Amino acid sequence: MRHVDAEMNVRVLLFASYADALGGPEIQVDVPPGARVRDVLERVQTLAAGKRIPDTPLVAVNQRYAHADHVVAPTDEIAIIPPVAGG
């Protein structure tokens, strides 16, 4: 019998267009154990259900910027911040 690991639930803070697209400043996202930041972003894109959100946001894990390959833990707080344009 094959053992299947349960998904873990991570807290995701949303800012600007992400919060608008997903209906609020925070969501919970289920990802498999060993998931990386890129996996969380893919789930968030799926939850946005076709709403237009930036493809390349800044991501912070526990208030520190993180790369797409950063492995997340169920106790992590992940913040997704759209790119900022200025003039």
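Bear in mind these aren't lab numbers, they're just calculated from the coordinates by the rules spelled out. What you see is a predicted model; the values in this text were computed from it and never measured. Here the Cβ positions follow ideal geometry from the backbone for every residue, glycine too, while neighbour counts run over all protein chains shown.
A few remarks follow.
- Segment 6-21, residues that are assigned to a strand (DSSP E or B) and among the polar types (S, T, N, Q): 9
- Residues of segment 24-53 satisfying the condition of being closer than 19 Å to residue 65 by Cα, exposed (fewer than 15 other Cβ atoms within 10 Å of the Cβ) and either in contact (Cβ under 8 Å) with a residue 24 or more places away in the chain or acidic (Asp, Glu) (or both): 26, 34, 38, 42
- Residue match in segment 61-77 (condition: outside any loop (DSSP other than H, G, I, E, B) and either touching a residue at least 60 places away in the same chain (Cβ under 8 Å) or basic (Lys, Arg) (or both)): yes
- Complete set of residues in segment 26-59 that are more than 11 Å from residue 80 (Cβ to Cβ), in contact with a strand residue (DSSP E or B) (Cβ under 9 Å, 6 or more places away or on another chain), assigned to a loop (DSSP other than H, G, I, E, B) and not hydrophobic (A, V, I, L, M, F, W, C): 32, 33, 34
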